[in-house]
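Where a number appears in this text, it was derived from the coordinates with a stated rule and is not lab data. Please read all numbers here as calculations on a predicted model, not as lab measurements. Using ideal geometry, Cβ is built from the backbone for each residue, glycine included, and neighbour counts are taken over all protein chains shown.
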Amino acid sequence: MTLSHDLEVLGLPVSVVQGGDWRVASPIDGREIARVRTDTPADVEGKIAAAAMAFHAWRAVPAPKRGELIRLFGQELRQHKEALGRLVTLECGKIYQEGLGEVQEMIDICDFAVGLSRQLYGLTIASERPGHRMSETWHPLGPVGIISAFNFPVAVWAWNAALAVVCGNPVIWKPSEKTPVTALATQALFMRALHRFGDAPEGLSSVIIGGREAGEALARDARVPLVSATGSTRMGRALAPVVAARFGRALLELGGNNAMIVTPSADLKLAERAILFAAVGTAGQRCTTLRRLIVHQDRKAELLDRMVKAYGRVKIGNPLEAGTLVGPLIDRAGFEGFERAIAEAKAQGGKVLCGGTRVMAELHPEAFYVTPAIIEMPGQSAIVQHETFAPILYVLTYRTWEEAMALQNGVAQGLSSCVFTRDVQEAERFVGPDGSDCGIANVNIGPSGAEIGGAFGGEKETGGGRESGSDSWKAYMRRQTATVNYSDALPLAQGIQFDA
């Protein structure tokens, strides 16, 4: 299949990705695949204004009717899963199986949101005053700004957009400047669903193409009450104060430095499979990538022997080809970060057990394929505490449970975590109040590959935000407590007497 064929199938005219001022290259081979037009400040202003106008109409549409639009969008995604999955692979470099999986996440969250559209439940609260009824209800919030990263170029938008739309809000999407074509293709599919839906306000969904300044415009604008941003901790530190200065909401899903504890009772065959996917999947470019392996000293030798052999079997290459497990890093900057981290790890006493080199450079000089690295470290040094967005797995050793938990929780990030154990006490302690301090804590499952039914996000420098399932929908709505007096008297709360 060609790019032009897939774009045609997805309903995105080829002319939209030609002749613009922004060059888009595929990390697979470094070749240019598109030139898209960036939005001017006037364009951005127009899209925010249109979303603000759309909100006034959309908030009055019954929630189950709003859910019908998302149901139609889910149908479009099901019909075009293969084409959009290929485009994801072409533009961000993850293997085709992962590209398909990302579109499936979009489909799944659409299903979740359709059900949610009939479950935006409030509360009835007992009033202390006779003849009074007190209730808590949820109402649409307003236009939602969504800033997404390159590594999940469409799924993260869908996590936010599906919930935001059924909650009564328009969405304004600022995708990564590295993956604008997938965003435009997704918008084209959404517009198809809108056409089938019929009566929906203009400006309900829009895409802003641009760099940092476009994201800053969303952060500054008071007409956008919620900005949901996925990216680096550095980005979150810059964005959150801008949103807070105007008393807006920032939903942040930032960096991760995820660990796995392997205990004496662990099933090493199970752990090996989990480590391999979590550490090398997406070429280590997931926020939930496994970066720290904390293994008991009695199991280290056997586990590392297994992992070095497993890494040696991993096929690295074109992510569109069957059998490939590791595609390229996104760009040169990603590769330079990989090289720099390995050099720093060595300087801090690390021993490279395997990987850590660039491959296929002669075949693709402008693409950056690397061999995933395993590095044994003497302790949790500065580089181990830093999130490098590349396939580097640091190995640490522990003797006691307390040492393992101190290592697990001893980093600034708090996204995902896991333990491999057959000891029920260890398992329960890990997910208990004195266990993992992360937003995600798994037992005998790796840290990567979350389902949409659970709220996704983490603590500390990960930002504290939650996207996708559970009660994450509440972030996209405003809460209102209402009291109705149906009596003939006016008693005051707390028994206060105030008679003139």
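Figures for the structure shown
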quantity: Size of charge dipole - segment 98-231 - debye, nearest 20, with Cβ of Lys, Arg +1 and Asp, Glu -1, no other charges; calculated: 300 debye
quantity: Segment 370-500 - convex hull of the alpha-carbon atoms, volume per residue in Å³; calculated: 230 Å³
quantity: Lysines with Cα under 16 Å of Lys47, excluding same-chain neighbours fewer than 8 positions away; calculated: Lys174
quantity: Calculated on alpha-carbon atoms, Rg and Dmax of segment 224-349 in Å; calculated: 18.5, 55
quantity: Separation between Cα centres of segment 88-146 and segment 1-58, rounded to whole Å; calculated: 26 Å
quantity: Spin-label model distance (nm) - Leu270 vs Glu302, 7 Å beyond Cα toward Cβ; calculated: 1.5 nm
quantity: Dipole in debye (nearest 20) - the chain, about Cα centre, beta carbon charges: Lys, Arg +1; Asp, Glu -1; calculated: 180 debye
quantity: Isotropically averaged projected area of segment 148-242, using the convex hull of Cα atoms (one quarter of hull area), nm²; calculated: 6.1 nm²
quantity: Kirkwood Rh (inverse of mean 1/r, distinct Cα pairs), segment 395-463, angstrom; calculated: 12.5 Å
quantity: Nearest 10 degrees, 0 to 90: helix 268-280 Cα axis against the chain principal axis; calculated: 70 degrees
quantity: 10 Å Cβ shell holding at most 14 others, DSSP loop, trypsin sites (Lys or Arg not before Pro): longest site-free stretch of the chain; calculated: 119-245
quantity: Reachable aspartates and glutamates from Lys315, criterion Cα separation under 16 angstrom, eight or more residues apart if same chain; calculated: Glu98
quantity: Helical contribution to [θ] at 222 nm, DSSP H n ≥ 4, -39,500 (n - 2.57), averaged over the chain, rounded to 500; calculated: -12000 deg cm²/dmol
quantity: Distance (nanometres) between label positions extended 7 Å along Cα→Cβ at Val314 and His139; calculated: 5.2 nm
quantity: 3J(HN,Hα) from dihedral phi, segment 126-136, Karplus parametrisation 6.51/-1.76/1.60, rounded to Hz, x for glycine, proline; calculated: 5, 8, 7, 9, x, x, 10, 10, 10, 9, 10
quantity: Segment 269-342: GluC sites (Glu not before Pro) in DSSP loop, at most 16 other beta carbons within 10 Å; calculated: Glu321
quantity: Dipole-positive endmost among Val88, Leu3, Gly19 within segment 1-94 (Cβ charges, Cα centre); calculated: Val88
quantity: Rg in Å to one decimal, and Dmax rounded to a whole Å, for segment 104-174 via C-alpha atoms; calculated: 16.6, 56
quantity: Furthest towards positive pole of dipole, Leu268, Val207, Val242, structure part the chain, Cβ charges; calculated: Val207
quantity: Three principal axis lengths of the chain [C-alpha, angstrom, descending]; calculated: 80, 59, 37
quantity: About the Cα centre, charge dipole magnitude for segment 283-322 (Lys/Arg +1, Asp/Glu -1 at Cβ), debye; calculated: 100 debye
quantity: Leading residue at positive end of dipole, the chain (Cβ point charges), from Gly312, Gln119, Gly356; calculated: Gln119
